[in-house]
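Please treat every number below as a calculation from the coordinates, not as lab data. Predicted model only: the values in this text are computed from it and were never measured. Note that each Cβ is placed from the backbone with ideal geometry, even for glycine, and that neighbours are counted across all protein chains shown.
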Amino acid sequence: MMDIHQILKSLPHRYPFLLLDRITEIELGKRIVALKNVTINEPFFAGHFPHRPVMPGVLILEALAQASAVLAFQSAGVEPDDKSVFYFTGIDGARFKRPVEPGDQLVLHSELARTRGGIYKFNTQATVDGKLASEAELMCTLRSIV
């Protein structure tokens, strides 16, 4: 389990782009479960959509990617620094099954499927109240920044 202070040490993201509130489960090298509490105060709701606020699908995928990055960083035993970052390298099979709205708690599940040649592949799902909201295969890699 990780609280917000530990998450801040494990990811380079900051407000308003940090999309994780808590890690509830982590099995290094295997899987992670994280939470995102969706509130009406999120900056994206002002424009998406004013008459019916819905969390953008790309931000649900980003939340899944952030949870996956925590799993990758923790499993590799590295902390993010000014010299490295995990980048998306691919998204396959992204599906959106239900809207995510203010007041929802997004439960983010990510399972490490494989690591090959520095590329991490994750099977991910986002659920609300036990119902599938989104799923995708995400790929990322750790790169040095110059």
Count of lysine pairs in the chain with Cα atoms under 27 Å apart, counting only pairs 8 or more residues apart in sequence or on different chains? 15
Taking the Cβ-Cβ separation of residue 24 and residue 91 as r and a Förster radius of 25 Å, what is the calculated FRET efficiency to the nearest 0.05? 0.55
Packing-ranked peptide list from 19-32, 63-76, highest mean Cβ count within 10 angstrom first, is 63-76, 19-32
For a quick check, take a GNM of the chain with Cα springs below 10 Å and name the residue from 131, 121, 36 with the largest mean-square fluctuation. 131
Gain in length, residue 41 to residue 8, computed as 0.36 nm per residue apart minus the alpha-carbon separation, to one decimal in nm? 9.9 nm
Going by how many other Cβ atoms sit within 10 Å of their own, how do 61, 108 line up, fewest first? 61, 108
Using every Cα-Cα pair within segment 8-146, state what percent have a distance larger than 18 Å. 53
Proxy reagent accessibility, fewest Cβ within 10 Å first, across 13, 48, 5, 109: 5, 48, 13, 109
Using only Cα atoms, find the angle between the long axis of helix 57-76 and the longest principal axis of the chain, and express it within 0 to 90 degrees, rounded to the nearest 10. 30
Per DSSP H run of n ≥ 4, the term is -39500 (n - 2.57); total these for the chain, divide by its residue number, and report the mean residue ellipticity at 222 nm rounded to 500 deg cm²/dmol. -6000 deg cm²/dmol
